[in-house]
1. Do you know which residues across the stretch 215-229 are closer than 13 Å to Ala72 by Cα and open to solvent by less than 80 Å² (accessible area, probe 1.4 Å)?
2. Given the condition touching a residue at least 40 places away in the same chain (Cβ under 8 Å), farther than 14 Å from Pro381 by Cα and of a type in the set (Lys, Arg), answer yes or no: does some residue in the stretch 169-192 qualify?
3. Between Phe371, Phe391, which is surrounded by fewer than 17 Cβ atoms within 10 Å (Cβ to Cβ) and either more than 18 Å from Tyr181 (Cβ to Cβ) or within 20 Å of the chain's Cα centre (by Cα) (or both)?
4. Looking at Thr69, Thr108, Thr104, Thr117 in this structure, which one is closer than 27 Å to Ala278 by Cβ, at pLDDT below 90 and open to solvent by 20 Å² or more (accessible area, probe 1.4 Å)?
5. Does at least one position in the stretch 310-323 carry a residue that is surrounded by fewer than 16 Cβ atoms within 10 Å (Cβ to Cβ) and not β-branched (Val, Ile, Thr)?
6. Tell me which residues, restricted to the stretch 300-338, are modelled with pLDDT of 85 or more, part of a helix (DSSP H, G or I) and closer than 15 Å to Ala76 by Cβ.
7. Look through the stretch 230-250, keep the residues that are out of contact with any Ser or Thr (no Cβ under 7 Å at 6 or more places or on another chain), closer than 16 Å to Val309 by Cα and not polar (S, T, N, Q), and return whichever of them is surrounded by the most Cβ atoms within 10 Å (Cβ to Cβ).
8. Any chance you could count how many residues in the stretch 373-389 are aliphatic (A, V, I, L, M) and touching a Ser or Thr at 6+ places or on another chain (Cβ under 7 Å)?
Amino acid sequence: MATEMEKSDFKDEKVAPAPDADFSYDVDPKSEFELGVGGRAPLQRRLRNYHVTMIGFCSGIGTGLFVGTGSAYAKAGPAGLLLAYIVVGSILWAVMQSIAELATLYPTAGSFPHWATRFIDPSVGFSLAISYGYCYTIAIASEVSAAAVIVSYWTDITPAVVITVGLVLILWINLMSVRFYGESEVFGGGVKVLCFLGLVVVSLVITAGGGPKGDAIGFRYWNNPGPWTNYNGVTGPAGHFFGFLSSFVNASFSFIGVETVVITASESVDPHRAIPKAARRVTYRIAFFYILGALLIGIIVDPRSAGLVSGDDNANSSPFVIAISNAGIKALPSIVNACILIAAWSAGNSYCWVGSRMIVAMTTDRQLPQFFGRVDKKGVPYVAVITSWLFGPLAYL
């Protein structure tokens, strides 16, 4: 049964179809906002505004930012990496403002797949839900396997143990009330923010010569080897351009998860206020984590450092840790690695939640059997959660 809050969300809103509208997916306009019809799932609104804010600011930030930027930096150089993040961030900012506007007006389950079904065509919504849902469910395995590699920085414990612990925690949290998931995102997001703030301070200290070695770096690496690097042996402007293009892949992967805040609309206590506020703060997320991070990396690390392309995929490959080690600071690399581990697990936790909500969204538009949309008394779509989570054990491969 819907709560009074759920019933009141749309009580004053009247939706009239356009004269030429083609409702080919068989939804009665009079029941547009009923539970289980037209994007309305029997989920419970338990995410507070601060949950939504933290999900919008930090959700999905994992190894891509802290580790993956290293290989992109080696390919593109300081200017190439910074420009790639500015371009991708600008595009993503425009996308976020658009989908946040829709999420505020139509806070429905699954967000954009349902909008595609409703306003374009059911086949478009189905394809979008399948591709987007698969992207996130398969990324669960990616992040928990990354967590296993991160742990190898300290010990030679078998990766299966780390993967198992990570998967069990992810399943447990996602089977709890969505408010508990929101609290886990607040904790994980707080760790990421504190870690990155610490890295900003350490980077400024290192570049000013405040490290144990006392070597002031300044913008040394922008002069030697220069703002651009040659890509794959291709020299000159062509090599610089190819390196810039190659960094787009890493930059795009680092940004994954920014858009997930609109998916909270169907479970937010007050989506009409929380979603616009979170969308405005995406600007700070892009500027703080990504553009500032790319600038700092270009200042403190030589793009020719072997560790950037070593393939270790743990703290040894992180440009920040390489800079800290080169400066002679001993204790910080392990602390940063611990933060990266929490970030990887938090991202996997977020991906499971997103994947399950895509499955629920497809049931509301009659694109999957209704069995997948079953919820328990806490409003948790347990069948969808388990289905999404089952992609995680692929990490054992």
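The values are calculated or read from the model by the stated rules, or taken from the named source; none is laboratory data. Just so you know, these numbers come straight off a predicted model, no measurement behind them. With ideal geometry, Cβ positions are generated from the backbone for all residues, glycine too; neighbour counts draw on all protein chains shown. Side chains are part of the model used for accessible areas, which takes the heavy atoms of the whole protein and leaves out ligands, DNA and RNA. Shrake-Rupley method; radii C 1.70, N 1.55, O 1.52, S 1.80 Å.
1. Selection gives Thr229 alone.
2. Yes, some residue in the stretch 169-192 is touching a residue at least 40 places away in the same chain (Cβ under 8 Å), farther than 14 Å from Pro381 by Cα and of a type in the set (Lys, Arg).
3. Unique residue meeting the criteria: Phe371.
4. Values: Thr69 fails: open to solvent by 20 Å² or more (accessible area, probe 1.4 Å); Thr108 fails: open to solvent by 20 Å² or more (accessible area, probe 1.4 Å); Thr117 fails: open to solvent by 20 Å² or more (accessible area, probe 1.4 Å).
That would be Thr104, the only listed residue that is closer than 27 Å to Ala278 by Cβ, at pLDDT below 90 and open to solvent by 20 Å² or more (accessible area, probe 1.4 Å).
5. Keep residues of the stretch 310-323 that are surrounded by fewer than 16 Cβ atoms within 10 Å (Cβ to Cβ), which gives 310-311.
Applying the additional criterion that residues be not β-branched (Val, Ile, Thr) yields 310-311.
Yes: the stretch 310-323 contains one or more residues that are surrounded by fewer than 16 Cβ atoms within 10 Å (Cβ to Cβ) and not β-branched (Val, Ile, Thr).
6. Passing the criteria: only Pro319.
7. The extreme case among them is Val249.
8. Of the residues in the stretch 373-389, the ones aliphatic (A, V, I, L, M) are 375, 380, 383-386.
Okay, now just the ones that are also touching a Ser or Thr at 6+ places or on another chain (Cβ under 7 Å), so 380, 384-385.
Counting residues in the stretch 373-389 that are aliphatic (A, V, I, L, M) and touching a Ser or Thr at 6+ places or on another chain (Cβ under 7 Å) gives 3.
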